[in-house]
Amino acid sequence: MSLYDVVIIGAGPGGYAAALYAHNFGLDVALVEKDQQVGGTCLNRGC
């Protein structure tokens, strides 16, 4: 069994950013996403 400091459910814009920040602070991160790619749907142009 793997142990993580934080588990983030959903790899949309918020979850993806949270995972990056947590990793940059040295935490072990698990990012759980139902789709095959991260990023989600951007509703605004230019993101």
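A few remarks follow.
- L27 vs. criteria modelled with pLDDT of 85 or more, aliphatic (A, V, I, L, M) and either under 10 Å from the mean Cα position of the chain (by Cα) or surrounded by fewer than 10 Cβ atoms within 10 Å (Cβ to Cβ) (or both): no
- Among residues of region 30-47, those that are surrounded by 10 or more Cβ atoms within 10 Å (Cβ to Cβ), modelled with pLDDT under 95 and small (G, A, S), counted: 2
The values are calculated or read from the model by the stated rules, or taken from the named source; none is laboratory data. From a predicted model like this one, the values you see are computed outputs, not experimental measurements. A quick note on method: Cβ atoms are made from the backbone with ideal geometry, for glycine too, and the neighbour counts reach across all protein chains shown.
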